[in-house]
1. Quick one: Met30 ticks every box in (1) touching a strand residue (DSSP E or B) at 6+ places or on another chain (Cβ under 6 Å); (2) surrounded by fewer than 13 Cβ atoms within 10 Å (Cβ to Cβ); (3) not charged (D, E, K, R) except a single one, so which number is it?
2. Can you tell me how many residues within the range 78-101 are of a type in the set (D, E, K, R) and either modelled with pLDDT under 95 or more than 16 Å from Glu40 (Cβ to Cβ) (or both)?
3. Hey, Trp89 hits all of (1) part of a helix (DSSP H, G or I); (2) under 22 Å from His134 (Cα atoms); (3) free of Cβ contacts under 8 Å to residues at least 40 places away in the same chain but one; which does it fall short on?
4. Looking at the range 66-82, is at least one residue in a loop (DSSP other than H, G, I, E, B), surrounded by fewer than 13 Cβ atoms within 10 Å (Cβ to Cβ) and touching a helix residue (DSSP H, G or I) at 6+ places or on another chain (Cβ under 8 Å)?
5. State whether the residues of the range 109-123 include one that is over 16 Å from Trp17 (Cβ atoms) and among the β-branched types (Val, Ile, Thr).
6. Return a yes/no flag: does the range 92-101 have any residue that is under 18 Å from the mean Cα position of the chain (by Cα) and either in a loop (DSSP other than H, G, I, E, B) or surrounded by 14 or more Cβ atoms within 10 Å (Cβ to Cβ) (or both).
Amino acid sequence: MQLALAMENHCARRSVWHIEWCTKYRYEMMRKEENRRLVEACIRQAACRHDIKLLAIEIMPDHVHVIAELPKGTDEERAAKLLKGFSAWKIFQVKEHFRLRYPKGHFWSRGYMARTVGLDEEKAIWYVKNQQAHHDVTFL
């Protein structure tokens, strides 16, 4: 039993994920630079509260990309729920008038996309950081 615990405590583990999610109904709520900065700050605060290390984040008008290193015991599903849930709650606190568009309080759509980054971490970070060019987006 002690040998098994020793082996378990001395393992190398790194769980890095690319997670993407959209606003409800794909509304372009982050088209304005002010809203974009707010959403990023709320997601960063959610990550900090739950020991999720954000390696890259890009906020597009209607969706978000993050590259996140997840703490031990947190899978990508839980991480997405934590990031989406806390950030939506915080966004509605700051921008109460957003509830006019989302009266039920669901800022983000139900789903998300997640895939492990693995050895392509640099490529994944580059992809996320170049989303504005990829989508040919300018912010107001």
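The values are calculated or read from the model by the stated rules, or taken from the named source; none is laboratory data. All figures in this text were calculated on a predicted structure; none of them were measured in a lab. Please note: Cβ atoms are built from the backbone with ideal geometry, for glycine as well, and neighbour counts cover all protein chains shown.
1. All conditions are met except number (2).
2. 5
3. Among (1) part of a helix (DSSP H, G or I); (2) under 22 Å from His134 (Cα atoms); (3) free of Cβ contacts under 8 Å to residues at least 40 places away in the same chain, Trp89 violates only (2).
4. No - not one qualifying residue is present in the range 66-82.
5. no
6. Yes.
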